[in-house]
Amino acid sequence: MKLLAGLSLLAVPLFTFTAAAQTAPAASPTPSPDYTQDSTWLCRPGRADACAVNQDVTVIQANGKRKIEKFKPAAAPQFDCFYVYPTVSNDATPNSDMTPGPEEMAVAASQAARFASECRVFAPLYRQVTLTALRAFIAGQPVTMDRDMPVSDVTAAWNDYLARDNKGRGVVLIGHSQGSNVLKALIAKSIEPQAVRRNIISAMLIGANVAVPPGKDVGGDFKRLPLCRKDDQFNCVISYTTFRADSPPPANSRFGKVPDAGMVAACTNPAALGGGKAVTDAIFGTKGAGTGSAAMGPWTSDNLPVTTGFVKVPGLISAECVSKDGFDYLAVTVNGDPADPRTDTIVGDVSVGGLVLKDWGLHLIDMPVEMGNLVDLADRQAAAWRGTPYKARKR
């Protein structure tokens, strides 16, 4: 069966199943790649790479009127972004190689490139556990996948970034799915115990579960970095997993809950860090969420094509952090209006053979439903970290 071939899938089962459920990696650790070589980076500043892809957006208002919002990279970015991509590799091996395929390029263009409007973007290649290995694992087939290798590689890349590029600059850590879990391990082992934690503007760990005590912002997975609760807060963590408000996590979902006794999964809504429901600044891929989901239909009833790679639909999406039935998650509402010409639905559910896997929620669009909010929040937090007034850039 062709299983979950789309973007950013399956990282949570990988990192939450016990080690006994998997074949152990080889006893002798493989050396990490040489990150002093620019070829080991998917994205670096000043290059024509995956994070320099055009990010122009077609903005469609509720009345159907359109305009194109031109993307402008920051001329002199004042902070850095360090991005770790999700589970996307289709390499035939259990751990990927260091040659970027179209899937790595596409996900960086979708998730990381927009941050270049505010920061310098660094994205290391790393030998992630592949979709191939995870499909085999879920099917019950024998597979050897090294779960330590992704963390080891990204740690080496982080150390190279600090040595070559950081020079005391503030940095936003950004990850999704497997990338977020790798960053979670990096923070706990190599950032929180070190003085460099003061340079962390925020850690945006999207599409993964971060453990916190109920009603608390710190004390679970992280001992020093709390959850972000204000737009001008820094040295803090953003984390959420996404479900439709009318399709909450079923009992078998691995998103929105943690196995740790006495802990819950963190939920911070970038559109409303203080809590409550808020309209988000969603930015979607024009054609949808990839082959792991249904294709997106027309954005307006006149069926006019959209000529940019991205679409913004002001007012269409609202989100709120919800605690329900043992799960904590970001509940997404589509504010469709049958009386106007704009679409009343969005795609993003993980599906196999037309069957929606409700336990995955809207994992494929965890970032798009809040993309504009995430970018603006990074800039606000960076200004607070620098101690300078925040001034929104005109886009």
State whether one or more residues within the range 83-90 are of a type outside the set (D, E, K, R), under 24 Å from residue 208 (Cα atoms), touching a Cys at 6+ places or on another chain (Cβ under 8 Å) and modelled with pLDDT of 90 or more. yes
Would it be correct to say that residue 350 is surrounded by 16 or more Cβ atoms within 10 Å (Cβ to Cβ) and in contact with a helix residue (DSSP H, G or I) (Cβ under 9 Å, 6 or more places away or on another chain)? yes
If we keep just the residues of the range 125-160 that are of a type in the set (Ser, Thr, Tyr), assigned to a helix (DSSP H, G or I) and in contact with a Pro (Cβ under 8 Å, 6 or more places away or on another chain), which is surrounded by the fewest Cβ atoms within 10 Å (Cβ to Cβ)? 132
Scan the range 292-315 and give yes if some residue there is among the hydroxyl-bearing types (Ser, Thr, Tyr) and in contact with an Asp or Glu (Cβ under 7 Å, 6 or more places away or on another chain), otherwise no. yes
Per-region count, the range 50-90, residues in contact (Cβ under 8 Å) with a residue 12 or more places away in the chain and in a loop (DSSP other than H, G, I, E, B): 21
Between residues in the range 379-393 that are in contact (Cβ under 8 Å) with a residue 24 or more places away in the chain and assigned to a helix (DSSP H, G or I) and residues that are hydrophobic (A, V, I, L, M, F, W, C) and surrounded by 10 or more Cβ atoms within 10 Å (Cβ to Cβ), which pairs lie under 6 Å by C-beta distance while being six or more apart or on different chains? 381/201; 381/234; 382/79; 382/201; 384/234; 385/201; 385/234
Restricted to the range 27-82, and to residues that are hydroxyl-bearing (Ser, Thr, Tyr) and at pLDDT 95 or above, which residue is surrounded by the fewest Cβ atoms within 10 Å (Cβ to Cβ)? 36
Which numbered condition residue 196 fails, given (1) β-branched (Val, Ile, Thr); (2) crowded, with 18+ Cβ neighbours inside 10 Å; (3) more than 24 Å from residue 130 (Cα to Cα); (4) out of contact with any strand residue (DSSP E or B) (no Cβ under 7 Å at 6 or more places or on another chain): (2)
Look at the range 100-113 and say how many of its residues are assigned to a loop (DSSP other than H, G, I, E, B) and either modelled with pLDDT under 95 or out of contact with any helix residue (DSSP H, G or I) (no Cβ under 9 Å at 6 or more places or on another chain) (or both). 1
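The values are calculated or read from the model by the stated rules, or taken from the named source; none is laboratory data. Bear in mind the structure is a predicted one, so any value in this text is a computation, not a measurement. As a convention, Cβ positions derive from the backbone with ideal geometry for all residues, glycine included, and neighbour counts pool all protein chains shown.
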